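The values are calculated or read from the model by the stated rules, or taken from the named source; none is laboratory data. Given the structure is predicted, the values throughout are model-derived calculations rather than measurements. Note: ideal-geometry Cβ built from the backbone for every residue, glycine included; neighbour counts use all protein chains shown. To get the accessible areas, we keep the full protein, side chains included, count just its heavy atoms, and leave off ligands, DNA and RNA. Shrake-Rupley method; radii C 1.70, N 1.55, O 1.52, S 1.80 Å.
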Amino acid sequence: MSLIQKSTRTSLPALAVIVAVCLAACTTTRPLPPVTPPTTATKPTTPTRPETQAQTLQRSTFAAMPGWDRDEVREAWPAFLTSCQTLIRRPEWKNACTTARQVNGNDEGAVRAFFESGFTPYKVFNPDGSDTGLVTGYYEPLLRGSRKRGGPYQTPLYKAPDDLLTIDLASLYPELKNMRLRGRVVGNKVVPYFSRAELLQSGALNGKELVWVDDPVEAFFLQVQGSGRVILDGSQETVRLAYADQNGYPYKSIGRYLVDKGEMTLSQASAQGIKAWVIANPSRQNELLNANPSYIFFKEEKVGDPSKGPNGAMGLPLTGQRSIAVDRQHIPLGAPVFLATTQPNSDAPLQRLVLAQDTGGAIRGAVRADYFWGFGNEAGEKAGAMKQRGMMWVLLPNP
C-alpha cells in the first residue's frame, strides 16, 4: 500500500453548495462507497459495451496477455464463483455463471477452457491511449483491542454517528448516479460534516465507540485499508470491523504530506517508512494524522470463515491475491481481469487472473488497480511496498 496513492473504500467530499440545493434528496441510510461521475474517454472499441467502459476497452486475444499460459487460473475459480453470486442476475452474465456450475474447479484444464471458450479479453486503455497504469496493494490488518478503555487501549474506533447525512444526487441529477455526498444539519442548512481533527477534538463521537485499540497509527492504517480484524483482550475473540461510512472529506495522503514537508523522499513514503517516522517524531503524530481530513466509521461483523476476506464493494468476500479494487466507471464490477504487473519493489512478474470485486476512494482511472494481498503481517508487508506499473485485460462473456 503506497500512502501516497492509496485510500480506503471512501466517498467524495460533501460540497456545501450542492448539498444545500439538494436537501430534498437527503437520507440517513449507509450506502456503499460512491464513485465519481464518468469522465469522457477516447479509446474506441465495440459499441455493444456500456458507453463509459466501451471507450476504454479494445478487443484483444488470450495470446496477447503476458503470462496467461503460466498462471494457475484455477486458483481464481473460487473468486469467480463468488462474483457469480451477483453477476448471474444480469442477462449478459447468466449463461456464463450457469455454465460455471458444471465445471470442475480443481481441473486446471477445465477452468482454462471455460474462460478461453466462453470469454473475450478486452485490453484496457487510458483516455490518452496509454495502456499502463498504477497498481498498488491493500490488505486486512490485525489489531489488538478491548471493549473497554483502559491500559494500552486508548484509541477508539467508532460506528457511524446519527447526525451524518448521506445525500444521493441521482433523484435530481440522473447524470450523477452513484455520487453521494455527506453532511449534517445546522439550523435549516446542510453543511459539510466534521473533519478528522474536528471529530477527535470536539468529542462529537462520544458514546459511538466500538472498540479501543492499543496503537493510534495502526488505527489510522486500518482506516486506510477500510476494514480489519481486532483480537479482543481477555476473551481473545476476533471480530471484524468493516467499512460503514465516511465523513465526506477526500482522502489526503500523509505520505505526500511528509514528502512535501521534506521529511522523507517519495521512495520512503510507504506504510513502514511512515511508522518509523512517527516513532522518531511522537510529538508530531497528531499533526501528521490530521493532515488527512477523511475519517472512516465501522460496523462490527463476526469472522465466520477466517480464510475469507472482508466484503468488497459487491457485498461479497474478497479473496487474497485474487481480488482487486478498480474504478467501476471503466471496469465492470465483478468481472474477471487479467493483471500483468510486477512484485512489490521488484521486476519479477506478477501476472494472474483476478476479479474486480472492490472499489476505492483513490482508485480512479481506467488502468488502475489495488491488489488485495489478504490478511495478516506478511500481506501487510507486501501491500505496504507495492507501487508498480501494470496492464489490464477485462474478460467479458461472449454473447
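Taking the protein heavy atoms of the chain in the context of the full set of protein chains, the accessible area attributed to carbon and sulfur is 51 percent at 1.4 Å. Answer with one residue from S235, W373, P332: the one whose Cα lies farthest towards the positive end of the charge dipole of the chain, charges on Cβ with Lys, Arg +1 and Asp, Glu -1. Selected residue: P332.
Between V186 and Q154, what FRET efficiency follows from the Cβ-Cβ distance if R0 is 35 Å, with the result rounded to 0.05? Working from the Cβ atoms, E equals 0.70.
Averaging the sequence gap over all C-alpha pairs within less than 8 Å and six or more residues apart, then dividing by the number of residues, gives the chain a relative contact order of 29 percent. Note on region 231-289: along the principal axes its Cα atoms extend 43, 29, 22 Å, ordered by decreasing extent. Per residue, the convex hull spanned by the alpha carbons of region 73-130 comes to 109 Å³. Between Y173 and K261, the contour length at 0.36 nm per residue exceeds the alpha carbon distance by 27.6 nm.
Assuming R0 = 45 Å, can you tell me the calculated FRET efficiency for the pair R101 and E378, based on Cβ-Cβ distance, to the nearest 0.05?
Once the sixth-power term is evaluated, E becomes 0.85.
Note on region 352-393: Cα-Cα pairs beyond 11 Å make up 71% of the total pair count.
The radius of gyration of the Cα set in the chain, together with its Dmax, comes out at 21.2, 65 angstrom.
Could you please state, rounded to a whole Å, how far the C-alpha centre of region 195-263 is from the C-alpha centre of region 366-399? If you average the Cα positions of each part, the centres end up 23 Å apart.
Suppose every Lys and Arg Cβ carries +1 and every Asp and Glu Cβ carries -1, with no other charges. What dipole size does the chain come out with about its Cα centre, to the nearest 20 debye?
Taking the Cα centre of the chain as origin, the dipole is about 600 debye.
Tell me what the chain gives for mean residue ellipticity at 222 nm when only DSSP H runs of n ≥ 4 count, each as -39,500 (n - 2.57), the sum divided by the residue total, rounded to 500 deg cm²/dmol.
Helices in the chain give a 222 nm mean residue ellipticity of -6000 deg cm²/dmol.
Percent of C-alpha pairs per 10 Å bin in region 288-389, short distances first: 14, 42, 35, 9. Pairwise Cα distances in region 97-230 exceed 23 Å for 64 percent of all pairs.
Label point of E108 set 7 angstrom out along Cα-Cβ; within region 67-87, amide nitrogens under 17 Å from it belong to 67-78.
Between amide H atoms placed 1.01 Å from N, distances below 5 Å from T342 occur with L350, R389, all of them 5 or more places distant or on a separate chain. In plain terms, the chain from T86 to A204 could stretch by 38.7 nm, reckoned as 0.36 nm per residue minus the Cα-Cα distance.
Taken along the Cα-to-beta-carbon direction at a fixed 7 Å, the label points for N398 and R70 span 2.8 nm. Pairs from the list K159/K387; K148/K252; K94/K387; K148/K299; K302/K387; K275/K302 with a Cα-Cα gap above 26 Å: K159/K387; K148/K252; K94/K387; K302/K387; K275/K302. Of the three principal axes defined by the Cα atoms of region 191-315, the extents in descending order read 45, 37, 33 Å. Of D358, D245, D163, the residue with the greatest mean-square motion in the GNM of the chain, using alpha carbon springs below 10 Å, is D163. Averaged per residue, the chain has 42 square angstrom of accessible surface, using a 1.4 angstrom probe with ligands and nucleic acids left out.
Projected onto planes of every orientation and averaged, the convex hull of the alpha-carbon atoms in region 141-208 covers 7.1 nm². The protection proxy used here, the mean number of other Cβ atoms lying within 10 Å of each residue, ranks peptides 115-122, 319-326 as follows, highest first: 319-326, 115-122.
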